[in-house]
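J.: Below you'll find the structure I mean.
The values are calculated or read from the model by the stated rules, or taken from the named source; none is laboratory data. Everything numeric in this text was worked out from a predicted model, so none of it was measured. Backbone-built Cβ (ideal geometry, glycine too); neighbour counts: all protein chains shown.
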């Protein structure tokens with residue numbers, strides 16, 4: 001496959017595009033507020049991974065909205081967060097149409113909103129994501145992952161009002177479902193699929209895989225090829241999405257947040273692979289590696 005013109009994401013290349021500097025006298029409000037929406041009765045842990053990842057990436061405040069049955073356990077597990085209990089369907093999923101109005105105040109005051117971890121694709125989810133997209137504040141970023149991505153199948157212009165302030169984080173299977181093509185086609189033409197999808201949906205696209213391609217609507221394309229097989233584990237994508245949201249809350253542009261997040265996520269995997277072995281480390285173990293990786297490479 002011919003590689004289109006792109007930028008390689010490496011530690012040296014990221015030095016030329018640093019994250020926004022942090023004020024030594026700044027407080028948690030200045031580092032931004034992240035709202036994570038998702039989870040279900042069966043998959044509550046995805047919210048923990050994504051929310052803690054946002055804090056590990058440096059966000060100042062965290063709010064998490066999930067099904068009522070999981071809200072108290074989640075709040076006890078992440079005492080740093082405000083937890084919002086949402087209406088729950090009989091199947092243990094977020095009742096999206098009833099939940100959306102309850103989220104308005106939280107969405108409108110967040111600097112970054114991540115929707116999708118542990119969330120199943122459904123008509124209710126699509127309705128909720130459609131409503132959320134209209135609530136996002138003028139300078140905030142919306143990150144869509146997992147089941148939340150499928151809302152774009154019903155409405156390809158869903159993110160138009162955000163004017164590029166959105167990030168999509170699909171793996172090849174999710175991208176195939178979103179576009180109505182095969183997973184093999186996505187994998188074979190990954191750079192083109194990422195770039196065309198970014199233009200189509202008006203969002204930065206992080207197409208995850210053995211090598212990840214990051215594209216923005218204007219056509220800029222980047223590749224990260226230093227991951228490890230151990231990252232292909234349950235919960236790894238939730239962690240990546242949380243890092244993206246945390247960096248966006250700190251003031252990074254969607255493309256900058258995506259590139260740095262992919263690098264930090266991959267680098268954390270490499271650290272654990274050296275320490276523990278190529279496979280067998282857990283997604284939650286990635287979290288503790290992120291602060292030091294970012295701190296050593298962020299301009300003061």
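J.: If the requirement is being modelled with pLDDT of 95 or more, under 29 Å from residue 161 (Cα atoms) and touching a strand residue (DSSP E or B) at 6+ places or on another chain (Cβ under 7 Å), which of these qualifies: 194, 252, 261, 199? Can you show your working first?
T.: On the way: 252 fails: touching a strand residue (DSSP E or B) at 6+ places or on another chain (Cβ under 7 Å); 261 fails: touching a strand residue (DSSP E or B) at 6+ places or on another chain (Cβ under 7 Å); 199 fails: touching a strand residue (DSSP E or B) at 6+ places or on another chain (Cβ under 7 Å).
Going through 194, 252, 261, 199 in turn, just one is modelled with pLDDT of 95 or more, under 29 Å from residue 161 (Cα atoms) and touching a strand residue (DSSP E or B) at 6+ places or on another chain (Cβ under 7 Å): 194.
J.: For the range 163-188, name all the residues that are assigned to a loop (DSSP other than H, G, I, E, B) and either out of contact with any helix residue (DSSP H, G or I) (no Cβ under 9 Å at 6 or more places or on another chain) or modelled with pLDDT under 95 (or both).
T.: Step one: of the range 163-188, the residues assigned to a loop (DSSP other than H, G, I, E, B) are 163-165, 169-170, 180-182.
If the condition is that a residue be assigned to a loop (DSSP other than H, G, I, E, B) and either out of contact with any helix residue (DSSP H, G or I) (no Cβ under 9 Å at 6 or more places or on another chain) or modelled with pLDDT under 95 (or both), then 163 is the only one that fits.
J.: Now a separate question. With respect to residue 292, determine if the residue is assigned to a helix (DSSP H, G or I), at negative phi, free of Cβ contacts under 8 Å to residues at least 40 places away in the same chain and out of contact with any strand residue (DSSP E or B) (no Cβ under 8 Å at 6 or more places or on another chain). Walk me through how you get there before you give the answer.
T.: On the way: assigned to a helix (DSSP H, G or I): yes; at negative phi: yes; free of Cβ contacts under 8 Å to residues at least 40 places away in the same chain: yes; out of contact with any strand residue (DSSP E or B) (no Cβ under 8 Å at 6 or more places or on another chain): yes.
It is true that residue 292 is assigned to a helix (DSSP H, G or I), at negative phi, free of Cβ contacts under 8 Å to residues at least 40 places away in the same chain and out of contact with any strand residue (DSSP E or B) (no Cβ under 8 Å at 6 or more places or on another chain).
J.: State all residues of the range 67-94 that are under 21 Å from the mean Cα position of the chain (by Cα) and closer than 17 Å to residue 126 by Cα; if no residue qualifies, say none.
T.: Selection gives 67, 86, 93, 94.
J.: Restricting attention to the range 166-179, does a residue exist that is touching a residue at least 60 places away in the same chain (Cβ under 8 Å), surrounded by 18 or more Cβ atoms within 10 Å (Cβ to Cβ), closer than 20 Å to residue 32 by Cα and more than 14 Å from the chain's Cα centre (by Cα)? Give the derivation first.
T.: To start, the set of residues in the range 166-179 that are touching a residue at least 60 places away in the same chain (Cβ under 8 Å) comprises 166-167, 169, 171.
Those still in the list that are surrounded by 18 or more Cβ atoms within 10 Å (Cβ to Cβ) too: 166-167, 169, 171.
Keeping just the survivors that are closer than 20 Å to residue 32 by Cα gives 166-167.
Narrowing the set further to residues that are more than 14 Å from the chain's Cα centre (by Cα) leaves none.
Looking for residues that are touching a residue at least 60 places away in the same chain (Cβ under 8 Å), surrounded by 18 or more Cβ atoms within 10 Å (Cβ to Cβ), closer than 20 Å to residue 32 by Cα and more than 14 Å from the chain's Cα centre (by Cα), one finds none in the range 166-179, hence no.
J.: Okay, next question. For the condition touching a helix residue (DSSP H, G or I) at 6+ places or on another chain (Cβ under 7 Å), closer than 16 Å to residue 57 by Cα and outside any helix (DSSP H, G or I), what is the one hit in 252, 241, 245?
T.: Values: 241 fails: outside any helix (DSSP H, G or I); 245 fails: outside any helix (DSSP H, G or I).
Result of the check over 252, 241, 245: 252.
To keep it simple, each residue is scored yes or no on (1) crowded, with 24+ Cβ neighbours inside 10 Å; (2) over 22 Å from residue 235 (Cα atoms).
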site	(1), (2)
47	yes, no
52	yes, no
56	no, no
82	no, no
87	no, yes
96	yes, yes
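J.: Select from the range 234-246 the residues that are closer than 15 Å to residue 271 by Cβ and without any contact (Cβ under 8 Å) to a residue 60 or more places away in the chain and list them in ascending order.
T.: 236
J.: Only one residue in 280, 251 is over 26 Å from residue 190 (Cβ atoms), touching a residue at least 40 places away in the same chain (Cβ under 8 Å) and surrounded by fewer than 16 Cβ atoms within 10 Å (Cβ to Cβ), so which one is that? First the steps, then the outcome.
T.: Values: 251 fails: surrounded by fewer than 16 Cβ atoms within 10 Å (Cβ to Cβ).
Criteria check complete, one pass: 280.
J.: Name the strands (runs of 3 or more DSSP E) wholly inside the range 1-116 in which the number of residues that are over 30 Å from residue 192 (Cβ atoms) is 2 or more.
T.: It comes to 33-37, 61-67, 82-86.
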